Amino acid sequence: MTKRNIRVRLEGSAEARPVALLVQEASKYDSIIYIQAGGRRVNAKSIMGMMSLGINTGEELEVSADGIDEKAAVEGIDGFLSGKGA
């Protein structure tokens, strides 16, 4: 399992479009990916779960991935949330 704390650097990050793009990014990987924020942990591939988190710019999240491409998954999510892959 690979884990990393990531600071969200996207504008409008709680809106539907950025969340949908984040779910698309997570869905590229075979690994199981979870994002934890505010004491809640959701599957990063679930649009409803991700919308329920209400992620905000500047917030720190914990991303964890478990599977054959877990390191690439965490890197991809990190790149997206930090604004490098958006």
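The values are calculated or read from the model by the stated rules, or taken from the named source; none is laboratory data. Because the structure is predicted, anything quoted here is derived from the model rather than measured. Every residue, glycine as well, gets a Cβ built from its backbone with ideal geometry; the counts of neighbours run over all protein chains shown.
If you scan the range 34-60, which residues turn out to be without any contact (Cβ under 8 Å) to a residue 24 or more places away in the chain and touching a Ser or Thr at 6+ places or on another chain (Cβ under 7 Å)? Passing the criteria: Val42, Lys45.
Give Arg17, Arg4, Arg41 a once-over and let me know the one that is charged (D, E, K, R), at pLDDT 95 or above and under 15 Å from Phe80 (Cα atoms). Step by step, each of Arg17, Arg4, Arg41 is checked, and only Arg4 is charged (D, E, K, R), at pLDDT 95 or above and under 15 Å from Phe80 (Cα atoms). I need the full set of residues from the range 24-38 which are modelled with pLDDT of 95 or more, more than 16 Å from Ile68 (Cα to Cα) and in contact with a strand residue (DSSP E or B) (Cβ under 6 Å, 6 or more places away or on another chain), in order please. Residues satisfying the conditions are Ile35, Gln36.
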